[in-house]
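These notes concern the structure reproduced below.
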Amino acid sequence: MDDPMPEITTLLTYLAVLTGFVFFPGPSILLTLARASTSGTRVGVATSLGIALGDVVHTVLAVVGISAVLMASAQAFWVIKMLGAGYLIWIGLRSFLEKPDTGLTRARPITARQALRQAMLAEALNPKSALFFLAFLPQFVDPARGTVALQLTVLGLLFIIMGTLATMIVALAAGRVSAFLRGNPAIQRWQGKVVGTVYCALGLRLALQER
């Protein structure tokens, strides 16, 4: 019988990595923060939901695409995982080396409906997000545990739930979060290095693990 849940050690690793990803002030957090600070909590919540809908699109595409690759060839699936590991290391190095950017520029107020639509389209049409899902999710899939599509779906849903939780918290506490980030340049200076290290560690974990 298929078991769509990863084994406990893999699941705990995945959740730990997710926590670092979603709660650090990355693009989704900063977009939600900018919208909520400019147009209010309702718009911030709408932005959070829009990002989640965009991630649903990426999860579906990842499930369909990666499952098709595995059906074609187990070796091709391994190649996809290794390419994903390389991509994670690459974006990790870029995150580590790039200059900090608060992303908290002022924007014109918009309605909640506009915020939802814009956030969903921006996330769904972002090629970097698509590549990330294709690179990230397969690292925690074990074909020996059953249907890969089910495993990818569970992993994707966990990603969406935790990401939405993080952006919702930011939307509801936008004023305090904004003031905290602006008043703590060390956070801005070290966020890229911490996130970059996590990306690189994840990529190396796969590249060096036993086949």
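Please verify whether Gly163 is modelled with pLDDT of 90 or more and open to solvent by less than 70 Å² (accessible area, probe 1.4 Å), treating the condition exactly as stated. Before you say what the answer is, go through the steps one by one.
On the way: modelled with pLDDT of 90 or more: yes; open to solvent by less than 70 Å² (accessible area, probe 1.4 Å): yes.
Considered against the rule, which asks whether it is modelled with pLDDT of 90 or more and open to solvent by less than 70 Å² (accessible area, probe 1.4 Å), Gly163 comes out as yes.
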Selected residue [under 20 Å from Leu131 (Cα atoms), open to solvent by less than 30 Å² (accessible area, probe 1.4 Å) and of a type in the set (Ser, Thr, Tyr)] from Ser67, Ser48:
Ser67
Residues satisfying the stated conditions in the range 134-161, i.e. of a type outside the set (Asp, Glu) and in a loop (DSSP other than H, G, I, E, B):
Val141, Gly146, Thr147
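Listed here are the residues, each with its yes/no results for (1) surrounded by 14 or more Cβ atoms within 10 Å (Cβ to Cβ); (2) at pLDDT below 75; (3) at positive phi; (4) assigned to a helix (DSSP H, G or I).
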position: Pro25; (1), (2), (3), (4): yes, yes, no, no
position: Gly84; (1), (2), (3), (4): yes, yes, no, yes
position: Pro100; (1), (2), (3), (4): yes, yes, no, no
position: Gly103; (1), (2), (3), (4): yes, yes, yes, no
position: Phe132; (1), (2), (3), (4): yes, no, no, yes
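The values are calculated or read from the model by the stated rules, or taken from the named source; none is laboratory data. Keep in mind it's a predicted model, so treat the numbers as computed, not measured. Heads up, the Cβs are rebuilt from the backbone with ideal geometry, glycines too, and the neighbour counts pull from every protein chain shown. Just so you know, the surface numbers come from the protein's heavy atoms only, side chains and all, with ligands and any DNA or RNA stripped out. Shrake-Rupley method; radii C 1.70, N 1.55, O 1.52, S 1.80 Å.
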